[in-house]
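Engineer: Can you read through this structure? Questions will come right after.
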Amino acid sequence: MAKRTTTFICQACGAVHNRWAGKCDACGAWNSIIEEVSEAGAAPVASGGARLKKGRVIALEGLAGTPMDAPRLPAGINELDRVTGGGFVKGSVILLGGEPGIGKSTLLIQAAARIAKSGARVVYISGEESAGQVRLRAQRLGLGDAPVELAAETHVEDILATLGNGEAPRLVIIDSIQTMWTDAVEAAPGTVTQVRAAAQGLIRFAKSSGSAIILVGHVTKDGQIAGPRVVEHMVDAVMSFEGDAAHHFRILRAVKNRFGATDEIGVFEMAGDGLREVPNPSALFLGARDASVSGTAVFAGMEGTRPLLVEIQALVTPTALGTPRRAVVGWDSNRLAMILAVLEARGGVRLGQHDVYMNVAGGFRINEPAADLAVAAALVSSLADTPIPPQAALFGEISLSGLVRPVPQAASRLKEAAKLGFSEAILPEGVKDNAASAGLTARPIERIADLVALVAGGAPRSRSRGE
Ligand code: TYD
Ligand code: MG
């Protein structure tokens, strides 16, 4: 008889413990350890007792052989295809993570319909909604006529039997991996053990049949793909679908991609008729801008190969508290603390008695240090109550010494700024020559003190208040 073993597994990080505890030692999560029972006989690892079977000899190959070209299946949705690297690769598995309600199912039914209409076999398995609900949504999106094959099912063995029946589908969508369960393990659906085993079964099917599989995974509030964290290393690509509930646009990012770049983003807008592509995101993020107020700066950023202009807003007000407040949305708070310290130490700007609020307009999130200069300018502009020239775009990294350092892809940033009607660039000294070729007037900055002088009145511009 197969031996039953009981283990305690942290649902947050997958660490295995011998006994239950309130807190996981490995990741520090509270109340995340769950008891899971497994049949030793069913586990893929042979336990000590049985004699190991003798393996068979497998053929080894060299790197120089004819490479199997990675045939891709483009969705025909540019913003999605850019992120996947040109389409879904045959036999690959993608994990699509995102908060509940962000639009994962909507995006995938739209992609599924497009691909099915192009003639490829597409199967959509929903573990969360009934087939009727999926159909209703598709019809509302005007996709009712697409030949997508639908099923509402959560049992992996049944799904695999269905998929293996007849011509292998080109694309399979599993919505979501947390709802799937397999007979191979005894744990409850949604637990790490179940999610891992279900994913393993589906991945094996993808590799053997050549179908591309997309697994949907929900993320927790702190941004981790719950449970499926343990699946991340098993799949070929991990994508996250992000957005702000208060805003309409959504961003698709590749977190890991074995077949493409990871710094590309796709931008969508959630409308009444589903997700719409946003081919020119800068115009969206700069949408309703009031350039005459102090404390706003336009950052010429990059997302992968694509330039993206966003507005950075800062508000600096005298504090009523012993410890001033620092609140930041859309940027790293440690990075903000660093900029504040450099402004104090190298720029002579006193902020110790001020609350500082910083926001990236439109709910966008910036990861680049190239935003330093624009952030510093917005802070100084708010403190001095002097608007930054509205026709100027900014970029540059600030070092702890107060030096403004060049950043990559200056030419693309400047070209995008020129395209959107900007005529000046406040940029690092080292890349100032790029401005002229893009048709912009350069305002080179060598040190942070130069920026403070430029923004706060070294060259006095029309002050918004006349005092
Ligand atoms: P959904 O795709 O179900 O999210 P997920 O699968 O990530 O949980 O999206 C649900 C939200 O999207 C829902 O709150 C309503 C909104 N939505 C629209 O605004 N327009 C639409 O056309 C659709 C289909 C959804
Ligand atoms: Mg869904």
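The values are calculated or read from the model by the stated rules, or taken from the named source; none is laboratory data. These numbers come from a predicted model, not from an experiment. Because the Cβ atoms are built from the backbone with ideal geometry, glycine has one as well, and the counts that use them run over all protein chains shown. To get the accessible areas, we keep the full protein, side chains included, count just its heavy atoms, and leave off ligands, DNA and RNA. Shrake-Rupley method; radii C 1.70, N 1.55, O 1.52, S 1.80 Å.
Engineer: Quickly work out the Arg135-to-Trp30 label distance, labels modelled 7 Å from Cα along the C-beta direction, and quote it in nm with one decimal.
Structural biologist: Roughly 4.7 nm, to one decimal.
Engineer: Which value, in debye to the nearest 20, gives the size of the charge dipole of the chain about its Cα centre, when Lys and Arg are +1 and Asp and Glu are -1 at the Cβ?
Structural biologist: Magnitude of the dipole: close to 620 debye.
Engineer: Cβ neighbours within 10 Å, averaged per peptide: list 299-308, 428-437 in order, most packed at the top.
Structural biologist: Put in order of decreasing packing, that is 299-308, 428-437.
Engineer: For the residue pair Asn334 and Thr5, what label-to-label distance in nm results when each label sits 7 Å from Cα along the Cα-to-beta-carbon direction?
Structural biologist: Simple spin-label model gives 3.7 nm for this pair.
Engineer: So how do 83-90, 332-339 stack up, highest first, on mean other-Cβ count within 10 Å?
Structural biologist: 83-90, 332-339
Engineer: At 1.4 Å probe radius, can you tell me the per residue accessible area of the chain in Å²? Each step should come with its number before you reach the end.
Structural biologist: Details: 22260 Å² over 467 residues.
Spelled out: the 1.4 Å probe surface of the chain, per residue, equals 48 Å².
Engineer: Moving on to the next point. Could you order the peptides 292-298, 261-267 from most to least packed, using the average number of other C-beta atoms within 10 Å per residue? Display every interim value, and only then the final one.
Structural biologist: Numbers: 292-298: 21.4, 261-267: 18.7.
Those peptides, ordered most packed to least, come out 292-298, 261-267.
Engineer: If you roll a 1.4 Å probe over the stretch 284-456 with all protein chains in place, what percent of the accessible area is carbon or sulfur?
Structural biologist: After summing per-atom areas, the C and S share lands at 52 percent.
Engineer: Still on this structure, please answer the following. As a test of the formula, what do you get for the chain when each DSSP H run with n ≥ 4 contributes -39,500 (n - 2.57) and the sum is divided by the residue count, at 222 nm and rounded to the nearest 500 deg cm²/dmol?
Structural biologist: Helix contribution divided over all residues of the chain: -7500 deg cm²/dmol.
Engineer: Another question about this same structure. How big is D, in µm² s⁻¹, for the chain by Stokes-Einstein at 4 °C and 1.567 mPa s if Rh is the Kirkwood radius over C-alpha pairs?
Structural biologist: Estimated diffusion coefficient is 51 µm²/s.
Engineer: Moving on. So how many Lys-Lys pairs in the stretch 74-279 land under 26 Å Cα to Cα, not counting same-chain pairs under 8 apart?
Structural biologist: Lysine pairs meeting the criterion: 11.
Engineer: Right, something else. Express in nm, to one decimal, how much length is gained between Glu344 and Ala411 on full extension, taking 0.36 nm for each residue of separation and deducting their alpha carbon distance.
Structural biologist: 21.0 nm
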